[in-house]
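Since the structure comes first, as structure tokens, the remarks are kept for the end.
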Amino acid sequence: MQKRLIICALFILLLAGCQDRKVTKLVEVDQNSIDYKSQESDVSESILENTTQNINESSRDVDGTTSSENAKASSEVTNGTPNTSFDDVKPQPDEEEYSNSSNLQKPIIIAKSEDLEDINERTLILNEIDDLLDTTLSSLEKLEEDTLSDDNIVEEGGIE
Amino acid sequence: MMKKLILFLLLFIMIISSTSYAQERADREGRQKRTAAFSTATIVTENRTTIKTLADEVRVKTNLSKQRIKVLLERKDELSTEQLKILKNSIVLIKETQEAMKTTMGQINAYNNDILAARQAKDFDTLLILYRQIIKIQNIRINQLTRYNQILDTLLNTL
């Protein structure tokens, strides 16, 4: 009886250890995604899919967790409080922030703020014109060099 | 005998007069070609001055535009939608004009050797043809630079 209790206790500890391991892996993924360098881990891929709101049931990671589970796990990471339950997780504001930060990793998805877009457009246009004007100046030099030499412009009395 | 002498003299006079007429005609044509070459060369010189003036105007306006852009970038002044629209259009027009200017770049220099050869050979016909080709290129450049100045005027008014 005592042996069985010890075995049960060890089993529970083992389970708890496995769950801790999951959380640790997710923390690593989060750091990578913030640094914009996580592209190798399958776990991070599934999280990215969640953040871009493309829930795909077939995208299971190596731990066998579903995308909804990953979303929940990422919320744990951002909140800093591990949650052993993986059911009925609602998206939290922090998680949305995380989604935005991971969206920046993909250049196709651009943060749509009208002010930001205007500022960027304005700066881009001005810089492009500035570059074009530089090209104009160098073109003018070439254009002025491309002319007939004075000797080759005949004048009255120049040729008998 | 007398008749033969008269005929001989008449023939002699005819030959001499026709030869001198041909010579005079050739000289006249030569002078005309030379004059045409000189007058065409004058047009080339005038066009060269016009291109220089227009290029200087473009340079001044370009530098002024660059200064204004620098100030705008430093101050982060707001630009209206209309201004942005004009600036975008200016980018397209500047690119088009630059591409058009590239098409004739280096073509006038390429004529220098041919003109030198024609000048040394006193070949006014060739000289005239070459000058006319140069004038065509110069006219294209004058149009392009005039257009460029107009684009820069619009740009300066917008900035």
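The numbers here are math on the coordinates, done by the rules we state, and not lab data. Just so it is clear, the structure is predicted and the values come from calculations on it, not from any experiment. Note that we place each Cβ from the backbone using ideal geometry, even for glycine, and neighbour counts take in every protein chain shown.
Between residue B:71 and residue B:122, the modelled label-to-label distance comes to 6.1 nm, taking each label 7 Å out from Cα in the direction of the beta carbon.
Approximating the spin labels as points 7 Å out from Cα along Cα→Cβ, the residue B:15-to-residue A:14 distance works out to 13.4 nm.
For segment B:137-150, backbone phi angles converted through the Karplus equation (6.51, -1.76, 1.60; θ = phi - 60°) give residue-by-residue couplings of 5, 4, 5, 4, 5, 4, 4, 5, 5, 5, 4, 4, 4, 5 Hz, Gly and Pro being listed as x. Phi angles across segment B:23-35 convert, under the Karplus curve 6.51 cos²θ - 1.76 cosθ + 1.60 with θ = phi - 60°, into 3J(HN,Hα) values of 5, 5, 5, 5, 5, 5, 4, x, 5, 4, 5, 5, 4 Hz, Gly and Pro given as x. Length available on full extension from residue B:88 to residue B:60: 0.36 nm per residue minus the Cα-Cα distance, which gives 7.9 nm.
The convex hull of the Cα atoms of chain B, projected and averaged over all directions, covers 13.4 nm².
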